[in-house]
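The values are calculated or read from the model by the stated rules, or taken from the named source; none is laboratory data. If you're wondering where the values come from, they're calculated on a predicted model, not measured in any experiment. Cβ coordinates were reconstructed from backbone atoms using ideal geometry, including for glycine residues, and neighbour counts include every protein chain displayed. Keep in mind that these areas ignore ligands, DNA and RNA; they rest on the heavy atoms of the full protein, side chains included. Shrake-Rupley method; radii C 1.70, N 1.55, O 1.52, S 1.80 Å.
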Amino acid sequence: MLVVMLKSLITFLVVFFVIRLMGKRQIGEMQPFELVITLIVAEVACIPMNDPYIPLYYGIIPIVTLATLHIVLSFVMRKSIKARKFLSGSSVIVIDKTGIRYENLKKMNMNMDDLIEAVRTAGYVDFTEIAYAIFETNGQLCVVEKEKTAEPSDESEPKQTTLPLELVIDGKYIDKNLALAGAKKCDIENVLKEKKLKLSELLYCDVRQDGNAYFAPKRDQAFCGTLDISGGANW
């Protein structure tokens, strides 16, 4: 029992030292190669701790090796931009002034639900408020908000807060949201017909309580429109 305790204590100190060498990062802030090294370190650290008959150096040597590898890779990345891009990748723009970049979403193996969740996590619920959205190499989403035009203040009538409701995702209708908003498929198809688009070419569409809708085709520029939702509920 004492041997296991001592091995566990020594392993903890070694792993703690290695993690400190990797810098003060949270899991979500790590680069891909740092996350891989961290996962492997956690695995090999358990080998001598779980079995008293396995020598301690069976865990110490791999941990030290991985720590050395991290130091070498970090040094190479500081000196070489090509190595930095190869090991950590590059930032990817998923929303720009033309709308949602469908091709870049495919490169990242993401779908619209993933993007909607990431945007909401960043504190935004309306794509029309976003000028740029960029996924950094650590997986975090950076959002640049559009400049807001100054409007005359009217304290007697405060501006209504609207919440977009998804109607179309990846060329498919969200029937329950259509019913909730009171929106008609024919109205959406008429808007698409004016833009010479098919439903299968529409990546995303939402509507707000005031009837303003946002359309993001897969390959064309995003645009806004108006839908009749007078028969819908106040969501």
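Overview of results
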quantity: Members of the stretch 65-86 that are in contact (Cβ under 8 Å) with a residue 40 or more places away in the chain and either of a type in the set (Val, Ile, Thr) or more than 21 Å from Glu43 (Cβ to Cβ) (or both); calculated: Ile71
quantity: Residues located in the stretch 113-129, provided they are hydrophobic (A, V, I, L, M, F, W, C) and either in contact with a Leu (Cβ under 8 Å, 6 or more places away or on another chain) or part of a loop (DSSP other than H, G, I, E, B) (or both); calculated: Leu115, Ala118, Val119, Ala122, Val125
quantity: So Arg20, is it out of contact with any Pro (no Cβ under 9 Å at 6 or more places or on another chain), surrounded by 13 or more Cβ atoms within 10 Å (Cβ to Cβ) and at pLDDT below 85; calculated: no
quantity: Sole exception among (1) modelled with pLDDT of 85 or more; (2) open to solvent by less than 40 Å² (accessible area, probe 1.4 Å) for Ser8, by number; calculated: (1)
quantity: Lone unmet requirement of (1) closer than 19 Å to Leu35 by Cβ; (2) touching a residue at least 12 places away in the same chain (Cβ under 8 Å); (3) under 10 Å from the mean Cα position of the chain (by Cα) for Leu115; calculated: (1)
quantity: Residue list for the stretch 131-157, filter: aliphatic (A, V, I, L, M) and at pLDDT below 85; calculated: Ala150
quantity: Top-ranked residue in the stretch 85-102 [being open to solvent by 40 Å² or more (accessible area, probe 1.4 Å) and in contact with a Lys or Arg (Cβ under 7 Å, 6 or more places away or on another chain); ranked as farthest from Gln221 (Cα to Cα)]; calculated: Ile93
quantity: Residue match in the stretch 25-34 (condition: in a helix (DSSP H, G or I), small (Gly, Ala, Ser) and modelled with pLDDT of 85 or more); calculated: no
quantity: Residue match in the stretch 190-201 (condition: over 20 Å from Val119 (Cβ atoms) and β-branched (Val, Ile, Thr)); calculated: yes
quantity: Filter result for Ile61 (more than 18 Å from Leu13 (Cβ to Cβ), open to solvent by 40 Å² or more (accessible area, probe 1.4 Å), without any contact (Cβ under 8 Å) to a residue 40 or more places away in the chain and aliphatic (A, V, I, L, M)); calculated: no
